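Encoded as structure tokens, the structure appears first; notes follow it.
FYI, it's all coordinate maths here, none of it is from the lab. The shown structure was predicted, so the numbers you read here are calculated from the model rather than taken from an experiment. All Cβ positions, glycine included, derive from the backbone under ideal geometry; neighbour counts span all protein chains shown.
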Amino acid sequence: MSEFSDLGKLVNLPLESITPAEGFSAPSFLVTTAAAQLRATGGHNWVPLLVVEAGDYQYKAIGNHFVYAVAQEAGLERLWCIIVDPAPEQVEQAQVLARERVPKVNLTEASRETILAALRYLAEQPSTPLKGVDVTIAAARIAEADRSWWQDLTPITKLGCRITRGKKLDALKEVFFLAPTAPPPSKKKSSKKTTTSASVKKTSSSRSRKKTEGERG
Amino acid sequence: MSSAISLREQLERISPDEKVEQVVVQDFAKPLLHKLGFESLEITPEFQTGRGEVDFAARKNTQHEDIFYNSKKNPYLLLEVKSRAVELSEGSFAYKGAADQIKRYLLGEHCKSARWGIITNANHIQLWRRHGKVVHPATANLAIKPDNVENIVHDLRNKIENYERALTICVYNNKGGVGKTTTVINLAGALATKGKKVLAVDFDSQGDLTRSLGATPGEVTLTQCLEDPRIDVHAIVQLYRHKAPKGRVSFFNLIQRDTELVFDLIPRDPELERLTDSQAAAYIQKGARRLRDLLAPLRHEYDYILIDCPTQWLYFSQSGLFAADVVLIPTRPNDLSSLHNAVRVITKFIPETAKSRQDGGPIALPIFFNGVSSKQQNPTKLANEEIENLIKQEKNIDLTQYFWPHFKKGNEDKRVFKMPDYAAIPSNIFARIPATFRDKRILEYYQSLAAEYFIDE
């Protein structure tokens, strides 16, 4: 990095030069208690706020937003920050590392293991909409399907793995994106193919589900 | 006429490999001048600069009788046009030629009023600025395309219409003991005696410049200004004043201003020392780019801003170079390391700074020999031999112009400006007065330095 660039540097910025994130909120118990602790320990925030330069002497918070909320509550005038590269993919990476954004995987190419891990992550969330979905089965069926032409996640609803349109399918958007490598099959052919493959898979899926359930029992 | 059509459209009309210069002149150069704010009667083609003929000169008509198209006097801007077949990208042979050409034209005897020069071939464009004897890039050499040409020309017009009064000079060599502070003090003094408004900035935490002038920081300090962009920089500018002693009238005949010799100073404060520590430097927003912003309002108020900074390529010197239009590099002819370090400044630190600045600057001025022994015979012989080696060794940049500015093919003039050793003293230590204000010969030397590099008389 050039000596004239602030990217990656730990800098001490006036709070008033930083625009906080919109829509961030944290439980007031956590904010006020952390603020009291920050004040009591001398006001040096050891975990920095992540910012990007937003103009001359202007910065925008892009990660570790809790730190900003706490610093403001504590009445700090200045805050330790790290200046992040403003390129969108770098900001995204910083937010993923700060656990403020869920990383997405390319479902067009993802392996069964990756799909399973992603579904498991969703299923383990406290208020998961994936209740009643067997993630092992769903991952296996998605992995088997030809995903090269998928423009969106709708074909998953036809795999008979209890992932239906609405909340369930929307939840998947949190962890998957698609980068199709093949054109969609022609309509007639595709509907025929889909029906056939869906019915075939239906049979095999109910079989394998039984097996899984049996194993479990 | 053409102003109704956008520059974008004009540019699209020209074939990508157009070989005829006249097409670029008609379809791009003329509309460009209009977009830069010049009417037809404010433009003269084939203008005689006194050092060759430039394609166009332009200047605003101020009175009815003073039509530039007719009078062809006092141009403000010169424009040199090439065809698209001429490769004008940075570093190309033709680019160097065109850059030399615009510099030469801008310094022509009929161009004393000229402030700006442009070179373009409708693929690239670069704006140059003239300040006294110095011509330096005012923008990078920009690649123009239909979708960015309007923005680029808008920015050029903005610069052209807001000529900054000051030339900002950083006096720097990566080698210590070459007389940087001495040069800043005495050059500031010499420029002031020529009626120029000068600001000296002590950006060395050791504060030799401030101490030499017997100055002390005021209530608001340079460090505070660096840390808080809301503080008005004028709060830290001080006046250095010196009344001419009686009975030295003949000496002060050299001085155009009255007997009160004045330049301004931004003194160093002790807190500046803290900034050598990276933890403290973290409080300076924009880091080494901050000083340039800090001095920006003053660039409209002074003729010269001189920055003194320490050796070592760290925060202070990086800031000094980043803030500067030009870098003046003192060397010692008996200290070969000072020559080697001058090469590092020219080939490494200045290009690094320019890469980050993205506006073509700063540039190096030719080096000069500081403290040349008046007793020794041929005191610069060894140094000139070393310079010859350094020029041969450097493969990427032609160093000749930075060491022997008068050297030409067929006339190998190896003159280097020399400051004699007795002149290389900063000030009368007890009187806290620049040596230029105490000694006529020293003043004459620094006035010659000013005339050699800066003042066009």
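Couple of notes before you dig in:
- Share, in percent, of DSSP beta bridges within segment B:167-453 that are antiparallel, nearest 5: 30
- Estimated vicinal HN-Hα couplings, Hz - segment B:155-170 in sequence order (Karplus 6.51, -1.76, 1.60; Gly, Pro = x): 5, 4, 4, 4, 5, 4, 7, 10, 4, 7, 5, 8, 9, 9, 10, 9
- With neighbour counts taken as other beta-carbon atoms within 10 Å, the residues B:Ile160, B:Ile5, B:Ile387 rank, fewest first, as B:Ile5, B:Ile160, B:Ile387.
- For the segment A:6-19, counting C-beta atoms of other chains within 10 Å of every residue's C-beta and taking the mean gives 3.
- Peptide B:351-361 has a mean shielding of 1, counted as Cβ atoms of other protein chains within 10 Å of each residue's Cβ.
- Longest site-free stretch - chain A; sites: chymotrypsin sites (Phe, Trp or Tyr not before Pro), DSSP loop, at most 13 other Cβ within 10 Å: A:47-217
- With a 10 Å cut-off around each Cβ of B:276-286, the average count of Cβ atoms from other chains is 4.
- Options B:Ala383, B:Gln285, B:Val178, ranked by Cα towards positive dipole end of segment B:167-453, top entry (Cβ charges): B:Ala383
- Here the peptides B:340-348, B:282-290 are ranked by packing, the mean other Cβ count within 10 Å, and the order with the highest first is B:282-290, B:340-348.
- Sequentially through segment A:130-146, phi angles give Karplus couplings (6.51, -1.76, 1.60; θ = phi - 60°) of 8, 4, x, 9, 7, 5, 5, 5, 4, 4, 4, 5, 5, 5, 6, 5, 7 Hz, Gly and Pro residues having no value and appearing as x.
- Exceedance of the 30 Å cut-off in Cα-Cα distance is limited, within the set B:Lys82/B:Lys175; A:Lys60/B:Lys180; B:Lys194/B:Lys414; B:Lys96/B:Lys440; B:Lys19/B:Lys395, to B:Lys82/B:Lys175; A:Lys60/B:Lys180; B:Lys96/B:Lys440; B:Lys19/B:Lys395.
- Of the residues B:Glu21, B:Glu39, A:Glu16, the one with the fewest other Cβ atoms within 10 Å heads the list, and the complete ranking is A:Glu16, B:Glu39, B:Glu21.
- Expressed to the nearest 5 percent, the antiparallel share of DSSP beta bridges inside the protein assembly as shown is 50 percent.
- Alpha-carbon centroid distance for the pair segment B:65-108 / segment B:330-363, whole angstrom: 27
- When segment A:39-159 is described by a simple charge dipole with +1 on each Lys and Arg Cβ and -1 on each Asp and Glu Cβ, the residue from A:Leu130, A:Asn106, A:Trp80 located farthest towards its positive end is A:Leu130.
- Backbone amide hydrogens, once placed in the peptide plane, bring B:Ile363 within less than 5 Å of B:Val326, B:Val327, excluding anything fewer than 5 places away on its chain.
- Per-residue ellipticity at 222 nm computed for chain A from its helices equals -13500 deg cm²/dmol, with DSSP H segments shorter than 4 residues left out and the rest contributing -39,500 (n - 2.57).
- Summarising the amide proton neighbourhood of B:Gln238: residues at separation of 5 or more, or on other chains, whose placed amide H is nearer than 5 Å comprise B:Leu265, B:Ile266.
- The amide H of A:Gly63, built 1.01 Å from its N in the peptide plane, has A:Leu50 as neighbours under 5 Å, considering only residues 5 or more places off or on other chains.
- Residue of A:Leu76, A:Leu172, A:Leu130 that the Gaussian network model of chain A assigns the largest fluctuation, springs spanning Cα pairs under 10 Å: A:Leu76
- Residue with peak Gaussian network fluctuation, chain A [Cα springs, cutoff 10 Å], from A:Thr114, A:Thr181, A:Thr41: A:Thr41
- Fraction of antiparallel bridges per DSSP, segment A:10-97 only, in percent to nearest 5: 65
- Loop sites in segment B:7-98: trypsin sites (Lys or Arg not before Pro), DSSP, at most 13 other Cβ within 10 Å: B:Lys19, B:Lys60, B:Lys73
- A simple rule links phi to the HN-Hα coupling: the Karplus curve 6.51 cos²θ - 1.76 cosθ + 1.60 with θ = phi - 60°, which for segment B:22-28 gives 4, 5, 5, 4, 5, 8, 10 Hz, with x for Gly and Pro.
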